[in-house]
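What follows draws every value from the coordinates through simple rules; no lab data is involved. Everything numeric in this text was worked out from a predicted model, so none of it was measured. Counting neighbours? That spans all protein chains shown, and the Cβs are built from the backbone with ideal geometry, glycine included.
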Amino acid sequence: MEPKAVLVTGAGSGIGSGIAEVLAARGWRVAVNDVDPVLAADTAAELGGPERAVALSGDIGTEPEAIVARAAALLGGRLDALVNNAGIHRRAPLADVAADDLDAVYRVNLRAVVLASQAALRQFRSSGMSGAIVNVSSIAALTPQMGVGLYTATKAGVSAFTAQAAVEWGPFGVRVNAVAPGMVRTAMAEAVYADAELHERRRAMVPLGRIGHPHDIGTAVAFLLSDDASYVTGQTIVVDGGFTNVLIDLLPHPGAPHHDATTTLAHR
Ligand SMILES: NC(=O)c1ccc[n+]([C@@H]2O[C@H](COP(=O)([O-])OP(=O)(O)OC[C@H]3O[C@@H](n4cnc5c(N)ncnc54)[C@H](O)[C@@H]3O)[C@@H](O)[C@H]2O)c1
């Protein structure tokens with residue numbers, strides 16, 4: 001049987017390459033999109049070459065529809081699924097977010113997700129196939145994060161878009177879900193994890209006792225794209241090792257010597 005075909009955006013490194021690796025290992029043929037052509041080519045080659053993966057360089061923020069069309073062409077006229085993974089940060093206090101940064105984050109994190117999904121829907125419908133879309137949101141969609149400008153709002157938008165698209169596109173046989181990663185070690189947050197003490201203090205706050213790996217997100221995406229999830233749509237699945245459920249435990253309480261979060265958790 002011909003392998004199913006998927007486009008993963010921002011798949012040249014980090015979480016996107018983890019998603020691409022898991023999907024390729026499970027028999028998908030993957031279009032590896034990245035704005036960095038070298039990263040796209042290297043990842044596609046590592047996945048096993050043209051039988052398993054094709055490189056597709058391009059900026060999803062500026063040409064989302066063209067990238068989806070090129071993916072379908074490269075994958076032999078077939079597209080069964082889309083993973084909207086590419087996302088960027090522009091750190092700034094909310095009071096000072098510059099209009100250019102606001103536009104840049106909005107274009108990649110939300111506008112491209114909507115336009116690429118519309119283009120994928122057109123591909124699914126023109127080939128008469130059902131399809132599945134998974135968007136990469138964030139735990140920042142559920143709880144604010146200081147100093148990240150528009151990032152939190154765009155990720156909440158991704159989860160809201162996911163739910164709305166599921167309602168509107170369900171009748172076409174298209175499922176739309178999201179994953180909300182917690183802390184995952186990638187280039188996006190490497191400055192934190194390169195510091196051994198910071199890494200340890202963050203690790204200690206995760207009930208499952210470790211920082212996430214891109215493969216942890218890849219396996220959740222693979223589930224949502226699979227037939228095992230054929231009755232799941234409109235959901236944002238949190239993949240964070242349990243981290244977002246410890247927030248109330250971070251409150252100072254008797255028995256915890258001071259307000260340091262790591263110490264508080266250690267005294268639970
Ligand atoms: N790392 C985390 O802890 C974390 C947590 C929650 C959510 N996320 C989300 O996961 C996704 C991936 O994050 P990551 O940590 O792997 O990021 P990363 O910065 O490590 O990697 C992102 C990849 O996307 C590519 N990219 C960036 N802009 C692009 C564009 N316009 N078009 C095509 N490719 C582009 C980059 O070149 C890079 O290869 C993002 O949506 C991010 O918001 C990450």
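Once the Cα atoms of helix 64-74 and of the chain are each reduced to a long axis, what angle between those two axes, in degrees from 0 to 90 to the nearest 10, is obtained?
60
More than 22 Å apart: what percent of Cα pairs in region 1-148 qualify?
Summing the P(r) tail past 22 Å for region 1-148 gives 38 percent.
Taking H placed 1.01 Å from N in the peptide plane, check which residues at least 5 places from ALA31 or on another chain put their amide H under 5 Å from its amide H.
Close amide H contacts, sequence-distant or interchain: VAL6, LEU7, VAL8, VAL54.
Near the amide H of ALA92, under 5 Å away, which other amide H atoms are found, from residues 5 or more places off or on another chain, if H is placed in the peptide plane?
For ALA92, the qualifying residues are VAL148, GLY149.
What's the Kirkwood radius of region 82-143 in Å, using all Cα pairs?
13.3
Spin-label point model (7 Å from Cα, Cβ direction): what's the HIS253 to GLU2 distance in nm?
The two pseudo-label positions are separated by 5.7 nm.
How far is it, in nm, from the label point at PHE172 to the one at ALA69 when both lie 7 Å from their Cα along the line to the Cβ?
Taking the two extended label points, one gets 1.6 nm.
Can you pull the Kirkwood radius for region 187-243, inverse mean 1/r over Cα pairs, to one decimal in Å?
13.1
7 Å from Cα along Cα→Cβ at both ASP227 and ALA160: what's the point-to-point distance in nm?
Inter-label distance under the simple model: 3.7 nm.
With no solvent and one point on each alpha carbon, what is the Debye value of log10 I(q)/I(0) for region 36-79 at q = 0.28, 0.31, 0.33 Å⁻¹?
Once normalised to I(0) and log-transformed, intensities are -1.03, -1.09, -1.11.
Using only the alpha carbon atoms of region 111-268, find the Kirkwood hydrodynamic radius as the inverse mean reciprocal pair distance, in angstroms to one decimal.
17.3
Please report, in whole Å³, the volume per residue of the convex hull around the C-alpha atoms of the chain.
133
Among the trypsin sites (Lys or Arg not before Pro) in region 140-216, which ones are in a DSSP loop with at most 16 other Cβ atoms within 10 Å of the Cβ? Mind listing them?
ARG210
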